[in-house]
Amino acid sequence: ETIYVQSKFDQDVDGDLDLLATDIIRPKETEDGLKVPVIYEMSPYYQVLGRGNESETKEAEDGDFQPSVYPLFYDNYFVPRGYAVVLQDARGTRNSEGCMVLGADEEEQDGVATIDWLNGRGKAFRADGTEVKADWSTGKVGMIGKSYDGSIANGVASTGVDGLETIVPIGGISRWYDYHLNRGVQYVNAYETPSLFTFVIDQTPADDPQRGQDWVEATFAEATVCSASGSEISASAADPQADYNEFWDARDYLKDAKKVKASVFVNHGLNDWNVKPNNFVQWWNALAKNGVPRKMWLAQTGHVDPFDFRRKKFVNTLHRWYDYWLHDINNGIMKEPQVDIERGVGNWKTYGTWPAAKARSVRLFLREKKGRKPGGLAFAPAESDTQSYSDDPNQEESEMVSGRFVEKPSRLLFETRKLKRSMRLSGTVKVKLRATVDQVDTNFTALLVDYGKATRVDHEGSGEGVSATGKETCFGKSTPEDDACYGSLRRTIAEEPYEIVSRGWLDARHRKSLRQGELLTPGETYNFRWTIFGEDYFFKKGHRLAIVIAGSDATWTISDPEAAGVEVALAKSFVKLPLVGAKRALRPY
């Protein structure tokens, strides 16, 4: 059935609260009194882009607004197993009223309004305007979604709404500032055309033939309002100062993590450079601080759904997770190891927690070059040496890390000796640079690199670590229009001489605060501190761990045009790495 949940906002200022188009698939036995819990996804992508690896959209029969195809496998698999599935068009997209707000409070409150309705606290209507009750719902709700949809789940959970029992964010954003910027450095895809924002913001609701001419007229009126709203959002988000301001504060779920009451099953790619790894790290840590029941899978892929690379295990785990939290079935899932991490190609290991309990912070100082060799990483600082580099605004990452023995004026490279044993990095790397800059501002880039030939998941390829097999596997019941079969994927691998394990950036103006930048005094010496995004990685015996320091990173960020010169005081500069087995693996420098 298709119903329209009443929101708390009137963005088209027509005197009526915006209505959210909501498609529901539930067991037919609910017509005879059966009550079931709900699996709920809100998405802006049901009309464009689509969901899943096959980009499924809500397809409707001619003259019939109700979809005949519901994206993803949730309805096919879970409805026959005693769940209802609710797929809702996010405001301002497809057939929902209102304007898209890019993660702001309106989206969170739309989720609250829907969960309220499922618990008998809110209102919803049929196409003819008659009110409809969710008398088939137990009131227990689990949200799920990948990317934007998973971000919405994080946001709704941060409201603490009653009835939301669990969420499953897959590659979800925890703070929208960190999706578009990192410590004041803007990513190249942030608000550029085409981007997530510009691609989706221009959508206006489609015509619903069941709702008549009033709906069509409202659509055009709303389009005008939403166009103005979109321009305002675009201008606010594209602030050239890159400060964390009121716009970003309204899209920050971390600040409300203490309100989360729902359990959380996090899924993220360790090589996801769309929704960068800091989004899952800071969310996970905030949930841990507040005692939220949680579970996590970390894969070697990029921005990819675990349904596409670990399908059978994921569906089974998801089923058990929902049975525990929504059906109150004590199946033991919360007594199992908390974290699954993919070590090699399809090689998964389980751990009791993350980061590793045995990880110890190891400080390695930047040491001077010796002849043609790169600089070193050592337990003891250098005496008083300095090294300099000049920012190259056009420098790509491949140039930064290639040619270990080539002296390049636009980067500094520091590495360990060959490791005596394998060594695990688990957590977030911290960088401290004591440096002098000859301009009022500059960007800093730090890359964590593993130098050593190995066969690895090809997460930088077009499929971000997966490719199609040409075959299908099926999960759930099919209908003539909506089958439960999906193309299966295999890992793509590549043998490479090195791996960029993780990255981190800093705009020198934001060295003290994200909220207000402060320009440098050229020639004065400062301490610059920032982080390389969290990781969990094994450096193999015989490999070298390295840190590359540079200015602009043209691969991922918008370059600093000033091309500053930077002099680094090695004795006062170091990295802190959370390592397991460092003492036995590292050789003295």
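The values are calculated or read from the model by the stated rules, or taken from the named source; none is laboratory data. Predicted, not measured: the structure shown is a model, and the values here were computed from it. Here the Cβ is made from the backbone with ideal geometry for all residues, glycine too, and neighbour counts use every protein chain on show. Each accessible area value is taken on the protein alone, full model and side chains, heavy atoms only, with ligands, DNA and RNA left out. Shrake-Rupley method; radii C 1.70, N 1.55, O 1.52, S 1.80 Å.
Go ahead and estimate [θ] at 222 nm for the chain from helices alone: -39,500 (n - 2.57) per DSSP H run with n ≥ 4, summed, over the residue count, rounded to 500. Walk me through the numbers before you get to the answer.
On the way: 11 runs with 106 residues, N = 589.
About -5000 deg cm²/dmol.
Step through the table entries LYS255/LYS572; LYS373/LYS572; LYS255/LYS432; LYS258/LYS295; LYS408/LYS583; LYS35/LYS261, compare each Cα-Cα distance with 29 Å, and write down the pairs that go over it.
On the way: LYS255/LYS572 33 Å; LYS373/LYS572 21 Å; LYS255/LYS432 26 Å; LYS258/LYS295 17 Å; LYS408/LYS583 31 Å; LYS35/LYS261 23 Å.
Distance filter (> 29 Å) returns LYS255/LYS572; LYS408/LYS583.
Normalised by the number of residues in the chain, what is the relative contact order in percent for Cα pairs under 8 Å and 6+ residues apart? Working shown, then result.
Details: 1431 pairs, mean separation 91.3, N = 589.
Here the relative contact order equals 16 percent.
Can you tell me the Rg and the Dmax, both Å, for the Cα atoms in segment 26-156?
Gyration radius and largest Cα-Cα distance of segment 26-156: 14.4, 40 Å.
If I model a spin label as a point 7 Å beyond the Cα along the Cα-Cβ vector, how far apart are those points for ASN316 and SER488 in nm?
It is 1.5 nm.
Once you wrap a convex hull around the alpha carbon atoms of segment 319-433, what is its projected area averaged over all directions, in nm²? Don't jump to the answer; show the numbers that get you there.
Working: hull surface 47.6 nm².
Here the figure is 11.9 nm², rounded to one decimal.
Compactness ratio of segment 118-184: Cα Rg over 2.2 N^0.38 Å, N = residue count?
Details: Rg = 15.7 Å, N = 67, 2.2 N^0.38 = 10.9 Å.
Here the answer is 1.44, to two decimals.
So, in nm, how far is label LYS335 from label SER55 when the simple model puts each one 7 Å beyond its Cα toward the Cβ?
Between LYS335 and SER55, the label points sit 4.7 nm apart.
Say the cut-off is 30 Å between C-alpha atoms; which of LYS58/LYS349; LYS276/LYS369; LYS8/LYS58; LYS259/LYS576 go over it? Each step should come with its number before you reach the end.
Working: LYS58/LYS349 37 Å; LYS276/LYS369 32 Å; LYS8/LYS58 25 Å; LYS259/LYS576 32 Å.
LYS58/LYS349; LYS276/LYS369; LYS259/LYS576, as the Cα separations exceed 30 Å there.
Would you be so kind as to identify all helices of the chain, as entire DSSP H runs, whose Cα atoms reach 30 Å or more along the helix's own axis and whose mean Kyte-Doolittle hydropathy is at least -1.0?
Details: long enough: 212-237 (36 Å, 0.17).
Flagged H segments are 212-237.
Computed over the Cα atoms, what is the radius of gyration of the chain divided by 2.2 N^0.38 Å, N being its residue count? If you can, show how the numbers build up before the last one.
Details: Rg = 25.3 Å, N = 589, 2.2 N^0.38 = 24.8 Å.
Against the compact-globule rule of thumb, the ratio is 1.02.
Would you work out what percent of the accessible area of segment 1-133, with all protein chains in place, is carbon or sulfur (probe 1.4 Å)? Each step should come with its number before you reach the end.
Values: 2030 of 4630 Å².
Here it works out to 44 percent.
Based on the Cα atoms of segment 33-84, what semi-axes does the equivalent ellipsoid have, where each is the square root of 5 times one gyration tensor eigenvalue, given in whole Å with the largest first? Walk me through the numbers before you get to the answer.
Working: eigenvalues 95, 42, 19 Å².
That gives 22, 14, 10 Å for the three semi-axes.
If the label point is 7 Å along Cα→Cβ of ASP249, which residues in segment 145-176 have backbone nitrogen under 17 Å from it?
Hits in segment 145-176 for ASP249 at 17 Å: 175-176.
Roughly how many nanometres apart are two label points built 7 Å out from the Cα toward the Cβ at LYS133 and THR555?
With each label placed 7 Å out from Cα toward Cβ, I get 5.9 nm.
Hey, could you grab the Kirkwood Rh for segment 272-339? Inverse mean 1/r over distinct alpha carbon pairs, Å, one decimal. Walk me through the intermediate numbers first.
Numbers: mean 1/r = 0.0737 Å⁻¹.
Averaging 1/r across every pair of different Cα atoms and inverting gives 13.6 Å.
May I have the convex hull volume per residue, in Å³, for the Cα set of segment 476-586? Write down the numbers at each step before the final one.
On the way: hull volume 28.7 nm³, N = 111.
Each residue corresponds to 259 Å³ of Cα convex hull volume.
Less than 12 Å Cβ to Cβ from TYR45, Lys/Arg counted +1 and Asp/Glu -1: what total charge do the surrounding residues give? Let's see the in-between values first.
Numbers: positive: ARG51, LYS58, ARG94, LYS146; negative: GLU41, GLU56, ASP89, ASP149.
Around TYR45, the surrounding residues sum to 0.
For q values of 0.14, 0.17, 0.21 Å⁻¹, compute log₁₀ I(q)/I(0) with the Debye formula on a Cα-only model of segment 229-373, without solvent.
Per q value, in the given order, log10 I(q)/I(0) is -0.88, -1.11, -1.37.
If I stretch the segment between LYS471 and PHE379 completely, what's the gain in nm (0.36 nm per residue apart, minus their alpha carbon distance), one decimal? All intermediate terms of the calculation are to be shown ahead of the outcome.
Details: separation 92, 0.36 × 92 = 33.12 nm, distance 5.21 nm.
My answer for the length gained is 27.9 nm.
Where does segment 308-376 land on Rg(C-alpha)/(2.2 N^0.38 Å)? Mind showing how you got there, number by number?
Values: Rg = 20.5 Å, N = 69, 2.2 N^0.38 = 11.0 Å.
Output field value: 1.87.
Nearest 5 is fine: what % of DSSP beta bridges in the chain come out antiparallel, could you say?
Numbers: 91 of 121 bridges.
Counting DSSP beta bridges with both partners in the chain, the antiparallel share is about 75 percent.
Counting only other residues whose beta carbon sits under 10 Å from that of ALA359, what net charge do I get with K and R as +1, D and E as -1? Show your work: numbers first, answer last.
On the way: positive: LYS358, ARG360, ARG424; negative: ASP536.
For residues surrounding ALA359, the net value is +2.
Give the distance, in whole Å, between the Cα centre of segment 246-263 and the Cα centre of segment 400-450.
Rounded to whole Å, the Cα centres lie 33 Å apart.
P(r) of segment 401-556 in 5 Å steps, Cα pairs, percent per bin?
Bins of 5 Å from zero give 2, 7, 13, 15, 15, 12, 9, 8, 7, 5, 4, 2, 1, 0, 0 percent of pairs.
Over all directions, average the projected area of the Cα convex hull of segment 536-589 and note it in nm². Working shown, then result.
On the way: hull surface 24.0 nm².
Averaged projected hull area, Cα only: 6.0 nm².
Could you sort 97-107, 253-263 so that the peptide with the highest average Cβ count within 10 Å comes first and the rest follow in order? Could you put the intermediate results ahead of the total?
Working: 97-107: 22.7, 253-263: 18.8.
Taking the mean over residues of other Cβ atoms within 10 Å, the ranking is 97-107, 253-263.
How much accessible area per residue does the chain have, in Å², with a 1.4 Å probe? Before the final figure, lay out the partial values.
Numbers: 23170 Å² over 589 residues.
For the chain, the per-residue accessible area is 39 Å².
Tell me, what % of the accessible area of segment 250-351 is carbon and sulfur with a 1.4 angstrom probe?
Details: 1720 of 3560 Å².
After summing per-atom areas, the C and S share lands at 48 percent.
Below 9 angstrom from the Cβ of ALA563, what's the summed charge of the other residues (Lys, Arg +1; Asp, Glu -1)?
Result for the local shell: -4.
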